[in-house]
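The values are calculated or read from the model by the stated rules, or taken from the named source; none is laboratory data. Since the model is a prediction, treat every value here as computed from it, not as a measurement. Note: ideal-geometry Cβ built from the backbone for every residue, glycine included; neighbour counts use all protein chains shown. With ligands, DNA and RNA removed, areas are computed over all heavy atoms of the protein, side chains included. Shrake-Rupley method; radii C 1.70, N 1.55, O 1.52, S 1.80 Å.
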Amino acid sequence: MNPRDSQIPGAPGSATPPLAEPTTPTDPLPPKPEQGAPEPRTPTGAPAGCPVHAMGQQGEYLTTAGGTRLRDTDHSLKAGPRGPTLLQDHHLREKITHFDHERIPERVVHARGTGAHGVFTGYGTADAITRAGFLAKNKETPVFVRFSTVLGSRGSADTVRDTRGFATKFYTDEGNFDLVGNNIPVFFIQDAIKFPDVIHAGKPHPDREIPQAQSAHDTFWDFVSLHTEAQHHTIWNMSDRGIPRSYRTMEGFGVHTFRLVNAAGETALAKFHWKPKLGVHSLAWEEAQIAGGVDPDFHRRDLYDAIEAGAYPEWELGLQVFPDTPEETFAGIDLLDPTKIVPEELAEVQPVGRLVLNRTPTNFFAESEQVAFHLGNLVPGIDVTNDPLLQGRLFSYVDTQLTRLAGPNFSQIPINRPHAPVNDMLRDGYHQQAVHGGVAPYRPNSLDGGNPSPDPENGFVDVPVRVAEAPKIRQNPVSFEDHYSQVRLFWQSMSPVEKEHIVAAYTFELGKCYHQTIKERQLQCLAEIDPVLCSRVADGLGLPAPTASSPASSPDSVSSSPALSQVGKRWPVEGRIIGVVADPGADAAALSGVRDAVLEAGLVPLLIAPRGGKLADLDVQRTFDTARSVEFDAILVASAPSPVDPRVLVLISEAWRHGKAIAAWGPGATVLAAAGVEGTPGVGVVDSGSEAFATVLDLLAEHRVWQRFPA
């Protein structure tokens, strides 16, 4: 935990506001302790030599954009108190004009996102396969990470069923390296030329602009049932991976295969993986729906509250490494096919570094909204392959920034500035912030003394891979034609409860489609995956279950990959949220002791009481009106009014249905009895608050109490 100890996260500012309006001029308040900002750098990457807060507003007094102090910003300049506003009011025009242009185009995809600052520390275990300096032992590199959903607009909810973006900008000494991935290791399509098509299919229908941030509609299922290469990504989305518990419990993948180069010039192929310290966990479906209503900002709030509380989110970066053979395959799997994984049982994920997020943005727009990622931001030692989706993304990311960020100089925005010297010979354009010297931005030159010079020793190397002689053709390799074997692998790797959730997800999503033909076509795809999956979804839709088109679709022809399942492991519990239900009749000493124990264990206690204010000299964070199960990972019950308040019964019943650990002591036992959950798995009635906390703490390591719901 950080030094803020017992302070509950969520304070909106760095100081407590006075009751009366402040009238004494003061300097801008410092940022909150958990807030960070881009390291001050010049537009060409040199250290600016000033503190981080110098990038924010300065001085005690209100000014124009040009620095002129103002006496009044509440009244327009008028011809008398009741007269017309005058055109000469330069302050009004500056203020309104800037406001009218505050918004920039949102991202076409990944519009709904949030970000945080952190540090990456290399382990030195990748030295044999890549010369990338940021992976060297104990090398610390600043990073900015942006998490996002794909389909929804900026104003959509966090907890929708969707793929999540996991994009990391490493500010390395050798230039920026952007690892732009997702929480799903495969993609819907094999070729970037289909990217506009799949996004058009997933976005709201163009006539009515509904549904928002959902795939449960006709155009999406029309696309994926006709483009069967999309079935692998689709089943990941229909699994619990499509509704993460939090960004902190979300795996990340680079999706594509990259080419690594070591100091000797030797190459290997590799896939990038992010492994969360807390394990991979998800929301229950009903829980996601409730959260979307009571807290649409559920994931970003969780991320920022965790950082503020000192429970810093943490991941390990790992590599799956493969020989760089002319075939570019491994164990019969085409490494250039972005709809395929290599099971971890065939190629172990080797840890190469650690990521810790420890600072929230100081200004969301300047950082999270203006950050610009690009797969072409590579460093020496990491190169691309001929994955046709990756090849198209190398063009698309730069192209989209030109519109969103109004010109070619988006790399000079503070959040995008590299921490390495920039001498790129690029000049002028919208929003040029550098003041370039010299007269010869070309090579070779003599007028600028030959500057800048290429670096043949340490510069980036495009690996001279031999390109086989071939005709120009619009065609995929034959190896791309297998669209079902890995979908069956994923299904067979799920635990019974995870399979239940997948069946329910397909049934719900297809049930939202209008046309029966689309449902029937997707059922045929499910028949190629597994007959049980197909028949159960068909039963839910009230349709006959088709049979697979060929014996090759038999599920017995593939094995399972335990690494794909989220169930059956134990994980650290730091940063989890514990709801503590109490009323004025609760034992004050026991309540205080439980709160201290939760904080000492690195978790966050939120006291839930009939009304706000204080209870037993402790601050109340939630009332019976504002508390819902979705916010908590476990519930402790000290006491509640008699008869039991119906709002408390709703809280307990929701927590029980969502598989959460529940424990009570003393008068709290009557609450569990009234809710009808006493004696069921994961529900404890004990003698003291310390025992109650110990009970839920042990169960939290498995995230959910799935034993309540035998499949």
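Can you compute the charge dipole magnitude of the stretch 39-192 about its Cα centre, using +1 on each Lys and Arg Cβ and -1 on each Asp and Glu Cβ, nothing else charged? Give it in debye, rounded to the nearest 20. I would put it at about 260 debye. Based on Cα contacts under 8 Å between residues 6+ apart, the stretch 182-270 shows a relative contact order of 35 percent. Solvent-accessible area of M55, all protein chains in place: 80 Å² (probe radius 1.4 Å, heavy atoms, ligands and nucleic acids excluded). Extension gain for L346 to L426 (0.36 nm times residue separation, less C-alpha to C-alpha distance): 24.3 nm.
Normalised by the number of residues in the chain, the mean separation of alpha-carbon contacts (under 8 Å, six or more apart) gives a relative contact order of 13 percent. Residues E498, E348, sorted by accessible area with the largest first, give E348, E498 [1.4 Å probe; ligands and nucleic acids excluded]. The simple spin-label model puts a point 7 Å past each Cα toward its Cβ; for R82 and V294 those points are separated by 5.3 nm. When I502, I129 are compared by accessible surface with a 1.4 Å probe, the order from highest to lowest is I129, I502. Basic side chains Lys and Arg get +1 at the Cβ, acidic Asp and Glu get -1 at the Cβ, and with that the dipole of the stretch 624-684 about its Cα centre reaches some 80 debye. Each peptide in 93-101, 33-41 gets a packing score, the mean of other Cβ atoms within 10 Å over its residues, and the list from highest to lowest is 33-41, 93-101. Each Cα pair under 8 Å and six or more residues apart adds its separation to the average, and for the stretch 31-100 the resulting relative contact order is 16 percent. Using the Cα centre of the chain as origin and beta-carbon charges of +1 (Lys, Arg) and -1 (Asp, Glu), tell me which of V186, P441, G175 is placed farthest towards the positive end of the dipole. About the Cα centre, the residue reaching furthest to the positive side is P441.
Taking 7 Å steps out from each Cα toward its Cβ at I8 and R154 produces label points 3.1 nm apart. Structure note, pairs K32/K277; K203/K499; K271/K519; K275/K340; K340/K660; K95/K203: Cα-Cα distances above 29 angstrom occur for K271/K519; K340/K660; K95/K203. Take the Cβ atoms of R443 and R466, set R0 to 25 Å, and the FRET efficiency comes out at 0.35. A 1.4 Å probe, protein heavy atoms only, puts the accessible area of F220 near 10 Å². Restricting attention to the chain, close to 75% of DSSP beta bridges with both partner residues there are antiparallel.
Rolling a 1.4 Å probe across all protein chains gives L606 an accessible area of roughly 10 Å². In the chain, a dipole from Cβ-located charges (positive for Lys and Arg, negative for Asp and Glu) runs towards its positive end, and of T149, A675, I652 it is T149 whose Cα lies farthest in that direction.
Between the stretch 100-172 and the stretch 1-69, the C-alpha centres lie 24 angstrom from each other. Farthest toward the positive end of the dipole of the chain, out of H91, I473, P9, is the Cα of H91, where the dipole comes from beta carbon charges about the Cα centre. For the chain, adding -39500 (n - 2.57) for each run of n ≥ 4 DSSP H residues and dividing by the number of residues yields -7000 deg cm²/dmol at 222 nm. The simple Förster model, with R0 at 60 Å and r as the Cβ-Cβ distance, assigns F508 and V356 a FRET efficiency of 0.95. Taking 0.36 nm per residue of separation and subtracting the Cα-Cα distance, full extension of the segment from I96 to T547 would add 156.0 nm. Working ranking of peptides 178-187, 198-207 by packing, defined as the average number of other Cβ atoms within 10 Å per residue, highest first, is 178-187, 198-207. Between V119 and A264, full extension at 0.36 nm per residue minus the direct alpha carbon distance yields a gain of 49.4 nm.
Take 652-660, 451-459 and order them by the average number of nearby Cβ atoms within 10 Å per residue, most first; the result is 652-660, 451-459. When +1 charges are put on Lys and Arg Cβ atoms and -1 charges on Asp and Glu Cβ atoms, the dipole computed for the chain relative to its Cα centre reaches about 1060 debye.
Largest first, the residues S411, S239 sort by 1.4 Å accessible area into S411, S239.
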